[in-house]
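Every read-out reported here was derived from the displayed coordinates using simple, explicitly stated rules and does not represent laboratory data. Quick caveat, the model's predicted, so the values are computed rather than measured. Quick reminder, even Gly has a Cβ in these numbers, built from the backbone with ideal geometry, and neighbours come from all protein chains shown.
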């Protein structure tokens with residue numbers, strides 16, 4: 001599936017390329033002073049479901065990731081970690097992409 005991410009479209013599945021990190025979501029929630037109850041309301045789930053997601057017990061879907069990012073006013077890329085290198089929105093990654101595109 002193609003996902004818009006940092007100005008690019010990325011072919012990925014959450015398990016293949018990147019996982020939303022609950023640590024990053026919790027940190028952004030703390031910065032914005034958002035609560036689990038607010039998260040539950042925006043996702044349309046019970047507060048226990050929001051708690052399970054924030055503890056990593058229930059995986060966060062790509063759709064939920066977009067809803068959470070919109071609610072917090074950030075890009076979904078804020079929550080993604082590429083285990084093999086920098087995030088797709090980092091300068092190093094963009095520069096590498098440009099070099100690759102120029103060589104093609």
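A few remarks follow.
- Extension gain for the segment residue 48 to residue 33, taken as residue separation times 0.36 nm less the Cα-Cα distance, is 3.5 nm to one decimal.
- Efficiency of FRET from Cβ geometry, residue 21 and residue 41, R₀ 25 Å, rounded to 0.05: 0.65
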